[in-house]
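S.K.: One structure follows; several queries about it will come next.
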Amino acid sequence: MNTIIALLIGAAAGALLALFIYNLVQRVVYKNRKNEILEQARLEGESIKKEKILQAKEKFLQLKSEHDNYVNDKNAQLREVEGRIKQKENTINQQGAELQKKLKDAENMKNSLVGQRESLERKSKEYETLIGEANKQIENIAGMTAQEAKNQLMENMKAEARTEAQAYINETMDEARLNASKEAKRIVITTIQRTATEAAIENAVTSFPIENDEIKGRIIGREGRNIRALEAATGVEIVVDDTPDAILLSAFDPVRREVARLALHQLVIDGRIHPARIEEVVAKVQKQLEDEILETGKRTCIDLGIHGMNIELVKLIGRMKYRSSYGQNLLQHSREVANICAIMAAELGLNVKMAKRAGLLHDIGKVSADEPELSHALLGAKLAEQFKERPEICNAIGSHHEEMEMNSIIAPIVLVGDAISGARPGARREVIESYIKRLKGMEDLASSYPGVTKSYAIQAGRELRVVVGAEEVSDSQAEELSTEIAQKIQNEMTYPGQVKITVIRETRSVAYAK
């Protein structure tokens, strides 16, 4: 029993000893392991520390470089601004020096001018003194005073002017005597040519019917101001005489007469007749007439079956309605020529449409205001070519009076068609054409001068009224202009009798009350 107890006690003691030794060994092992871990942690901490220090140094160097670049840029900008400031300072200093120099020069010039003015005043007084002395010497030598000499000179000039005027009168009388026989023959022929007389009336005068003398008086206006305004606006001469219930509109241009007739018609119906209203109505009528001319041209082309024509040529065709050719209405004449040419072309197996087109356009040059030095045939060919008509048509137009060589097959057809349609007794017809051409030439001559806004030939070419702009031409220049135009007409044109040139200069002041 004791042995067992002793064994148990020994076993327990051995177990306790073994446990103690195990704990001791574990503590030693744990301590060693802890030291290893701490060492390893220290080493890793050192490594991380060195890495962070390197990163911090790199970041520092990067920031330092960026800062240095920023500082350098700012320094460069400051140096540039400083340079510009210095440049501006130099410019300002230079300008200041120049300004000072100019001020000094101006002061010197002022002093010089003051000296020159004093010298000029001195010389002027000396000149007046010398003139007075010279006049006294001349009076002593001539035995008369300056006023007496002036009066004698004026008398001599008056006598010379009277002599020149009398010479001009004698020259005019001699010219009248020389032209008397020729003019008498022309009047006799005009009287015999009854048809031509009717054509002349149709081409130059339009009668406007009125109801009573009260309307006639309103058309005339106070001191004739309404008639003057109407004549200035339309270029038509208004003839008011003792003819009952009618006034006459006289002008060689039928379009002007038609504008005046329609304007008068509207004014009489409206009842308000005064210069401002006249100008307004004339402008409105001109626009309406332009629209009617275009419509007439379009309707003519449609009636003849002609298509694709330029709008400007259509307008010229419409203007033919207000133009006469040798006593015959030009539009009617051109329509006849177109139909004759179409019939002849059909009989010969040629292009009917082309022949009809050329026949309609053959006299287109008569209604154009351009190139007055060209004949109407050549001008018509030029217009047709300008507006893209075919070469055969252009040649037919230009050669229908044999002024151009015929190189198309329809050219002789147009020539013959024009001769057939225009077959009339010819003496008076040429007089009418030359008369209209002369009046048109007078207007073009006056319009060629600078400052001229309008020009109208009236009184059958015996008077030319020229309207000038008040801003461009003065009163004295207006007088000189009338003399120059008269001289040029006298040198360059042929006309019977005398032509009176009237230059009209009007100043208008317009304001609006709002």
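S.K.: Return the Rg/Rh value of segment 1-151, two decimal places, where both radii are evaluated on C-alpha atoms and Rh is the Kirkwood radius.
M.R.: Rounded to two decimals, Rg/Rh equals 2.09.
S.K.: Once you have all Cα-Cα distances for segment 27-93, histogram them in 5 Å bins from zero and send the whole-percent values.
M.R.: Going from the shortest bin to the longest, the percentages are 4, 13, 8, 10, 7, 9, 6, 6, 6, 5, 5, 4, 4, 4, 3, 2, 2, 1, 1, 0.
S.K.: Just going by the charge dipole of segment 296-349, with Lys and Arg at +1 and Asp and Glu at -1 on Cβ, which of Met344, Gly305, Leu316 is farthest out on the positive end?
M.R.: Leu316
S.K.: Per the Kirkwood formula on distinct C-alpha pairs, the Rh of segment 219-273 is how many angstrom?
M.R.: Working: mean 1/r = 0.0871 Å⁻¹.
It works out to 11.5 Å.
S.K.: Write down the accessible area per residue of segment 14-57 in Å², having rolled a 1.4 Å probe over the full set of protein chains.
M.R.: Per-residue value: 95 Å².
S.K.: Also, quick follow-up: Compute the length gained on full extension between Glu405 and Lys101: take 0.36 nm times their separation in residues and subtract their Cα-Cα distance, giving the result in nm to one decimal.
M.R.: Once the chain is fully extended between Glu405 and Lys101, it gains 101.7 nm.
S.K.: On a 32 Å Cα-Cα criterion, which of the cross-link pairs Lys287/Lys356; Lys315/Lys488; Lys366/Lys454 come out too long?
M.R.: With Cα atoms farther than 32 Å apart: Lys315/Lys488.
S.K.: Averaging over every viewing direction, what projected area does the convex hull of the Cα atoms of segment 211-348 cover, in nm²?
M.R.: Its average projected convex-hull area is 10.4 nm².
S.K.: Rg(Cα) of segment 306-414 divided by 2.2 N^0.38 Å?
M.R.: Numbers: Rg = 12.6 Å, N = 109, 2.2 N^0.38 = 13.1 Å.
Normalised Cα radius of gyration, segment 306-414: 0.96.
S.K.: So how much accessible area does Glu51 have, in Å² to the nearest 10, using a 1.4 Å probe?
M.R.: Using a 1.4 Å probe on the heavy atoms, I get roughly 100 Å².
S.K.: Using a 1.4 angstrom probe and counting only protein chains, how large is the accessible area of Lys64 in Å², to 10?
M.R.: Counting only protein heavy atoms, the figure is 110 Å².
S.K.: What order, most packed first, do the peptides 12-22, 245-255 have when packing is the mean number of other Cβ atoms within 10 Å of each residue? Spell out each step's value before the answer.
M.R.: Values: 12-22: 10.0, 245-255: 19.3.
Going from most to least packed, we get 245-255, 12-22.
S.K.: Given R₀ = 35 Å, what would the calculated FRET efficiency be for Ala419 paired with Glu292, taking r from the Cβ atoms and rounding to 0.05?
M.R.: That pair, Ala419 with Glu292, gives E of 0.70.
S.K.: Ser65 accessible area, nearest 10 Å², 1.4 Å probe?
M.R.: Roughly 60 Å² of Ser65 is accessible to a 1.4 Å probe.
S.K.: Separate question: I'd like to compare 79-85, 258-264: which one has the highest average count of other Cβ atoms within 10 Å, and what's the full order after that?
M.R.: 258-264, 79-85
The values are calculated or read from the model by the stated rules, or taken from the named source; none is laboratory data. Not measured: the values here are computed from a predicted model. Because the Cβ atoms are built from the backbone with ideal geometry, glycine has one as well, and the counts that use them run over all protein chains shown. Side chains are part of the model used for accessible areas, which takes the heavy atoms of the whole protein and leaves out ligands, DNA and RNA. Shrake-Rupley method; radii C 1.70, N 1.55, O 1.52, S 1.80 Å.
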